[in-house]
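Only one structure is covered here, and it is reproduced in the block below.
The values are calculated or read from the model by the stated rules, or taken from the named source; none is laboratory data. These figures come from a predicted structure and were not determined experimentally. A quick note on method: Cβ atoms are made from the backbone with ideal geometry, for glycine too, and the neighbour counts reach across all protein chains shown.
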Amino acid sequence: MRKLIVAGNWKMNMTLQEGIELAKAVNDFFDKNPTDVEVIIAPPFIHLPDVARSLTGVQLSAQNCASEPKGAYTGEVSAGMIRSCGARYVILGHSERRTYFKEDDNLLHKKIILALGQELKPIFCCGEVLAEREAGNHFNLVREQVETALFALGAEELSQIVIAYEPIWAIGTGVTATPAQAQEMHAFIRDLIRSQFGDPVADDLTILYGGSCKPSNARELFSNTDVDGGLIGGASLDADDFIAIVLSF
């Protein structure tokens, strides 16, 4: 059975004190109300060690990692540093990293290798902007992203990866992909993985939806066969909303 995951990406939000309070609220709830869903939170880099001390069952993720293992790269944070802070996951290729920092899939492949080498599980993001969907090029674009970043991996390496589909046109816009649109792309991604890595890897792959998922639409989105959870942005900054999304399964 595929692992169900709900991951909260805090982005550049929360002071340290606010982050610790939020992390404790989420963690304490699931300590008292256990769930089969893997619950993950991804605070800013500088919060990782302190937030880690607040967590028992909830897992910790970074929002990015450097493309080099160490060295003279002022301001960068390596996969090894992240792992040493207690994180088990790292988000790679988020649409904001692609758009604002011009990260491409060759670079992301390099980051994935470094993350796996530190026993971090990458949450690899892929997805299209509105113009690409309207032009009917969304499947080709996602195929290129997945093939470039992931197809050179071995099956065992791929089995350590979570994919998050981000319809970029639905992030922060209030627009959400319909459940049918989400299912269609998730099934397409799973079939891509199946074509390269075979049935067992594809069938076990967790694919998350990452586009304006909130308590009001999570249950309908998660009811799709190939939607195994969500990568949550704004709604993860409110403990009640985030918990409600996790409970939508």
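Here are the numbers for the structure shown:
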| quantity | calculated |
| --- | --- |
| Identity of the residue in the range 156-192, surrounded by fewer than 18 Cβ atoms within 10 Å (Cβ to Cβ) and of a type in the set (Ser, Thr, Tyr), that ends up nearest to Val146 (Cα to Cα) | Ser159 |
| Some residue of the range 224-232 being acidic (Asp, Glu) and buried (at least 16 other Cβ atoms within 10 Å of the Cβ) | yes |
| Flag if Ala164 is touching a residue at least 40 places away in the same chain (Cβ under 8 Å) and not β-branched (Val, Ile, Thr) | yes |
| Any chance Gly75 is at pLDDT 95 or above and within 15 Å of the chain's Cα centre (by Cα) | no |
| Qualifying residue in the range 193-211 (condition: buried (at least 19 other Cβ atoms within 10 Å of the Cβ), farther than 22 Å from Gln160 by Cβ and in contact (Cβ under 8 Å) with a residue 12 or more places away in the chain) | yes |
| The range 84-99 - residue that is touching a helix residue (DSSP H, G or I) at 6+ places or on another chain (Cβ under 9 Å) and part of a loop (DSSP other than H, G, I, E, B) and, of those, nearest to Glu128 (Cα to Cα) | Gly93 |
